[in-house]
Each structure stands twice: as structure tokens, then as C-alpha cells.
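Trainee: This is the structure I want to talk about, given as C-alpha cells.
The values are calculated or read from the model by the stated rules, or taken from the named source; none is laboratory data. These numbers come from a predicted model, not from an experiment. Cβ placement follows ideal geometry from the backbone for every residue including glycine, while neighbour counts extend to all protein chains displayed. SASA here: full protein model, heavy atoms, side chains in, ligands and nucleic acids out. Shrake-Rupley method; radii C 1.70, N 1.55, O 1.52, S 1.80 Å.
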Amino acid sequence: MLSVHPLLQFSMLLLGGYVLFLGLFRAMSLHGGRRTLFRWRRHVALGHLAMAGWLMGLAGGLIIVRITWHSFLISGLHGRIALAMIPFILFGWASGYWMDRTKKKRTLLPLLHGLNNLLVLLAALAQIYTGYRVFQTFVLGQ
Ligand code: HEM
Ligand code: HEM
């Protein structure tokens, strides 16, 4: 049970990396003046999946910690970074949803969306290290 959360979050990180890769094609055409192919629908569908996965994994981590150790936010930095990620995940998700529903020519909102989601990805990357420390301390008992 305790490895479901790390595995889920790690696979969502890989997925998020791919969604970013797709988004970079859009950035190249919007800000670099290059003609590129942006796989809009794939970016949106997989972006939804990554955001939902991260949020569910985050809630799952909190719940598993609650059930196993009868406590909240015992993991220090790992839990704090996770809480700080929530508004960024919500903004990235909402802005993407908005741009998909009301399509028009934009430059500022896509830029904010892209930079925001890059931050989320970097935080998720850092969570591998802090999460590994949690795993060592609490699960392996070292
Ligand atoms: C891991 C999550 C995500 C990452 C890393 C990401 C990244 C990016 C990047 C880098 C761009 C190009 C920004 C620019 O040109 O300045 C972009 C554009 C876009 N993203 Fe995302 N995104 C993510 C999730 C989502 C989600 C969940 C949705 C929809 C629900 C979405 C919808 C869009 C749309 C519609 C655009 C094009 C906007 C336009 O050009 O008008 N993205 N994204
Ligand atoms: C987006 C990335 C991640 C987020 C948002 C996240 C969030 C969380 C949260 C909120 C908790 C509960 C902490 C507490 O109540 O003290 C937790 C627990 C935990 N996290 Fe993460 N986490 C992420 C990635 C990872 C990764 C990549 C690993 C493993 C390398 C990991 C390992 C753990 C472990 C071992 C626990 C203890 C409970 C359990 O095993 O399910 N996390 N995480």
C-alpha cells in the first residue's frame, strides 16, 4: 500500500514531462515565431490526467499517512512542498481548462500557464528526493 503513492506520483511526473514537451511546441510558435505542430487535444487530455493524478496522489499521501501513523503532515518538507503545490496545480489546471474552452489568440495567459506548470514539475521532481527520504525514515525505518 505504501508504495502506491510514490509509484503513482512518479508516473504522473513522467506524464507531466511529456505534456510539457508537447506544450513547448506551442511556446515555440507563440513566442519564437516558428511554425510548429501543437498537439492541442493530446496536450489537454494528458494534462487533465497529470493534474488529476497529482491531486489524487497528494490526497492519497495524506490519507495513507493518517491511516498508517494516525497523524497529519509528519513528513516535514515533503508534506509542506505538497501543500504549497496545491494553488499552482489549481491555477495550471484552471488556466488550461479556460484556454481550451474559450479558444482565441493569446500570448500572456499561455506564458503564465506554461511557467506555472514548469514550477509544478520542478516541485514534483524535488518530491522524488524528499519522498525518498520519507520512505527511508518511515517505511524502511532507517
Ligand atoms: C503537466 C501539465 C501541463 C504542462 C507542463 C503544460 C505546459 C504548457 C506549455 C509550456 C504551453 C505553451 C505555453 C506558451 O506558449 O507560452 C501550454 C499551452 C497550453 N496548455 Fe498546457 N500544460 C499542462 C496542462 C494543461 C492542461 C491540464 C490543460 C487543459 C485543461 C492545458 C491546456 C493548454 C492549452 C489550451 C494551451 C495553448 C493555449 C493557447 O495557445 O492559447 N495544459 N501548456
Ligand atoms: C507531485 C509529487 C508528490 C506530492 C504532491 C506528494 C505528496 C505527499 C503528501 C501530501 C503526503 C502526506 C505527507 C504527510 O502527511 O506528512 C505524502 C506522503 C508520502 N510520500 Fe509523497 N508526494 C509526491 C511524490 C512522492 C514521491 C515521488 C515519493 C517517492 C519517492 C513519495 C513518497 C512518499 C511517502 C513514502 C509518503 C508516506 C506515505 C506513503 O508511503 O504513501 N512522494 N506525499
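Trainee: Among the residues of segment 34-46, is there at least one that is open to solvent by 60 Å² or more (accessible area, probe 1.4 Å), under 17 Å from residue 105 (Cβ atoms) and not in a helix (DSSP H, G or I)?
Mentor: Taking every residue of segment 34-46 in turn, at least one turns out to be open to solvent by 60 Å² or more (accessible area, probe 1.4 Å), under 17 Å from residue 105 (Cβ atoms) and not in a helix (DSSP H, G or I).
Trainee: Restricting to segment 53-67, name every residue that is out of contact with any Leu (no Cβ under 9 Å at 6 or more places or on another chain) and among the β-branched types (Val, Ile, Thr).
Mentor: Hits for segment 53-67 are 63, 67.
Trainee: Follow-up question, since we're still on this one. Which of the residues belonging to segment 7-33 are open to solvent by less than 50 Å² (accessible area, probe 1.4 Å) and within 16 Å of ligand 2 (Cβ to nearest atom)?
Mentor: If the condition is that a residue be open to solvent by less than 50 Å² (accessible area, probe 1.4 Å) and within 16 Å of ligand 2 (Cβ to nearest atom), then 9, 12, 13, 15, 16, 17, 19 are the ones that fit.
Trainee: Follow-up question, since we're still on this one. Sort out which residues of segment 75-116 are part of a loop (DSSP other than H, G, I, E, B) and of a type in the set (S, T, N, Q), and write them in order of number.
Mentor: Taking segment 75-116 first, the residues part of a loop (DSSP other than H, G, I, E, B) are 75-76, 102-107.
Correct list: 75, 102, 107.
Trainee: Quick one: what pairs do we get from segment 126-141, first residue farther than 15 Å from residue 85 by Cβ, second of a type outside the set (D, E, K, R), C-beta under 6 Å, 6+ apart or different chains?
Mentor: 134/75; 134/78; 136/142; 139/2
Trainee: Here are the criteria: (1) touching a residue at least 40 places away in the same chain (Cβ under 8 Å); (2) in a loop (DSSP other than H, G, I, E, B). Tell me which single one residue 8 does not satisfy.
Mentor: (2)
Trainee: Follow-up. Could you tell me which of the residues 60, 114, 79, 96 is surrounded by 12 or more Cβ atoms within 10 Å (Cβ to Cβ), in contact (Cβ under 8 Å) with a residue 60 or more places away in the chain and within 18 Å of the chain's Cα centre (by Cα)? Give the steps one after another, and end with the answer.
Mentor: Details: 60 fails: in contact (Cβ under 8 Å) with a residue 60 or more places away in the chain; 79 fails: in contact (Cβ under 8 Å) with a residue 60 or more places away in the chain; 96 fails: in contact (Cβ under 8 Å) with a residue 60 or more places away in the chain.
Exactly one of 60, 114, 79, 96 is surrounded by 12 or more Cβ atoms within 10 Å (Cβ to Cβ), in contact (Cβ under 8 Å) with a residue 60 or more places away in the chain and within 18 Å of the chain's Cα centre (by Cα), namely 114.
Trainee: When you scan segment 95-116, do you find a residue that is of a type in the set (A, V, I, L, M, F, W, C) and more than 9 Å from ligand 1 (Cβ to nearest atom), even just one?
Mentor: No.
Trainee: For segment 14-52: of the residues being aliphatic (A, V, I, L, M) and more than 9 Å from ligand 1 (Cβ to nearest atom), which is nearest to residue 90 (Cα to Cα)?
Mentor: 14
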